[in-house]
Every structure is written in C-alpha cells, then in structure tokens.
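Okay, so here's the structure we're looking at.
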Amino acid sequence: QLQLVESGGGLVQPGGSLRLSCAASGFTLDDYAIGWFRQAPGKEREGVSYITNTGTTYYQSSVKGRFTISRDNAKNTVYLQMNSLKPDDTAVYYCAARQGLPALWNIWRLYSDWGQGTQVTVSS
C-alpha cells in the first residue's frame, strides 16, 4: 500500500527556514513524481513545487528562489527546503505522488495518493 508521511513542520519567525520531508513507503519512489501542496484556512489547496522522477523541478511563482525541492531515491524521500519564509507561507503542507507527465502538476485533483500533512506557521 502506497503511503506518504510528511514531517518537519513547525513554528518559525519571518525570514526563517524549515525543511519538510516526505517519506514514501509501500512503493518505489523512483517511478513517481512528487508534488508539494499547501492549504491555508479558508483557501483552496495550491501547488507549491513538483519534482519529476528524473529530477526536473517546478515551482509556484511566489516561492521561486526561496524554496528548493529535491529527492533522495535511496532514502525514498523528497524534501522541500523553505527559506526566507513569510507569514503568507503559513499553511498545512502536503505531499502527493503521481506518475506521468508534469503537465498540470499544480492541480491537486490529479493526484490520488496523499500524506496527512504537516503544519507550517510563520509568525513573530
């Protein structure tokens, strides 16, 4: 059974950093692309970043230059390094897996397998 578990969230001051992890089990991560999404209260879930199974990366414009997605297939884990965090980055962050081409990577409805989410709060 495919399972994803996010970790690394927490409370951080504006300008601070966090690294989120998405650990996969029950399947071989090599064959899957992983998307990171976030959902703030009262808002729709939005795509943050995406990495293909071959390592090509995509970012939402608001996080480009601040966030970096990476993967370690040997550890079956994908990371999201978040720097220069802003209060607007506050949300529950989720990772999700899918196969296929990266088109429409930021549409959460196109993913079927999700983690439980990890809370990120950016506040002074």
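The values are calculated or read from the model by the stated rules, or taken from the named source; none is laboratory data. For clarity, every value in this text was computed on a predicted model and none was experimentally measured. As a convention, Cβ positions derive from the backbone with ideal geometry for all residues, glycine included, and neighbour counts pool all protein chains shown. We work out accessible area using only protein heavy atoms, side chains counted, and drop any ligands, DNA or RNA first. Shrake-Rupley method; radii C 1.70, N 1.55, O 1.52, S 1.80 Å.
Observations on the model:
- Residue list for segment 44-57, filter: open to solvent by 50 Å² or more (accessible area, probe 1.4 Å), at pLDDT 95 or above and among the hydroxyl-bearing types (Ser, Thr, Tyr): THR56, THR57
- Looking only at residues of segment 55-93 that are assigned to a loop (DSSP other than H, G, I, E, B) and charged (D, E, K, R), we find that the one that is farthest from ASP31 (Cα to Cα) is LYS86.
- Residue within segment 35-43 that is buried (at least 17 other Cβ atoms within 10 Å of the Cβ) and part of a loop (DSSP other than H, G, I, E, B) present: no
- No other residue among LEU80, LEU104 is of a type outside the set (D, E, K, R) and either buried (at least 20 other Cβ atoms within 10 Å of the Cβ) or closer than 17 Å to SER17 by Cβ (or both) apart from LEU80.
- When segment 58-83 is filtered for residues that are of a type in the set (A, V, I, L, M, F, W, C) and modelled with pLDDT under 95, only ALA74 remains.
- Selection count, segment 90-124, where residues are in contact with an Asp or Glu (Cβ under 6 Å, 6 or more places away or on another chain) and farther than 16 Å from GLU6 by Cα: 1
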